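Visitor: Handing you this structure, nothing more for now.
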Amino acid sequence: DAPRPPEDTPVPARFVPEFDSLVLAHSDRRRIISDEHRPGLTTKNLRVRATFLWDGFAAGTWDTERKRKTATLRLRPFAPLPDGALDELTAEGEALLRFTEPDATEHVVTTETT
């Protein structure tokens, strides 16, 4: 009976780690990812990739890399992202990198095109 926000409430960008139960535990995964993009969630060895959410739905995968003092987060969207999404994902990704790699002097977010 908890109050729910209005349907038009913006949903923040989020990064979900590998093997997260959000991706694995839904009985109906279409609530967070389309059937079309589900094959992109796992590797051929069944490793569940880290995903990022845009507007509450899995919109691609991500990983990080550290080289010397530079921490990089790579976004791999399943499809072209809507206007404004990349700015918000970049800001959230930089915050994640500052948290996971606090001693890095540079935090970079890149996007691979689909």
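Visitor: Please compute the per residue accessible area over the chain with all protein chains in place, 1.4 Å probe, rounded to a whole number of Å².
Guide: Computed with neighbouring chains in place, this is 68 Å² per residue.
Visitor: Please list 15-21, 87-93 highest first by mean number of surrounding beta-carbon atoms within 10 Å per residue.
Guide: Result, highest mean first: 87-93, 15-21.
Visitor: For Glu94 and Asp8, calculate 0.36 nm times their separation in residues minus their Cα-Cα distance, and state this gained length in nm to one decimal.
Guide: Extending this stretch completely gives an extra 28.3 nm.
Visitor: Points 7 angstrom from Cα along the Cβ direction at Lys44 and Asp83: gap in nanometres?
Guide: With each label point 7 Å from Cα toward Cβ, the separation is 4.1 nm.
Visitor: Can you tell me the Rg and Dmax of the chain, counting just the alpha carbons, in angstroms?
Guide: 15.0, 50
Visitor: Right, next: Using only Cα atoms and rounding to the nearest 10 degrees, what angle (0 to 90) does helix 85-100 make with the longest principal axis of the chain?
Guide: Between helix and principal axis, roughly 60 degrees.
Visitor: Let me ask another. Please report, as a whole percent, how much of the solvent-accessible surface of the chain comes from carbon and sulfur atoms (probe radius 1.4 Å).
Guide: Exposed carbon and sulfur together represent 51 percent of the surface.
Visitor: Search the structure for amide H atoms under 5 Å from the amide H of Val109, placed 1.01 Å from N in the peptide plane, and list their residues when 5 or more places away or on another chain.
Guide: Under 5 Å from the amide H of Val109: Leu73.
Visitor: Still on this structure, please answer the following. Using 0.36 nm per residue of separation minus the Cα-Cα distance, give me the extension gain between Asp1 and Asp63 in nm, one decimal.
Guide: In short, 18.6 nm is gained.
The values are calculated or read from the model by the stated rules, or taken from the named source; none is laboratory data. Treat the numbers as computed from the prediction; the structure is a model and nothing was measured. Note: ideal-geometry Cβ built from the backbone for every residue, glycine included; neighbour counts use all protein chains shown. Areas reflect the complete protein model, heavy atoms only, side chains present, ligands, DNA and RNA absent. Shrake-Rupley method; radii C 1.70, N 1.55, O 1.52, S 1.80 Å.
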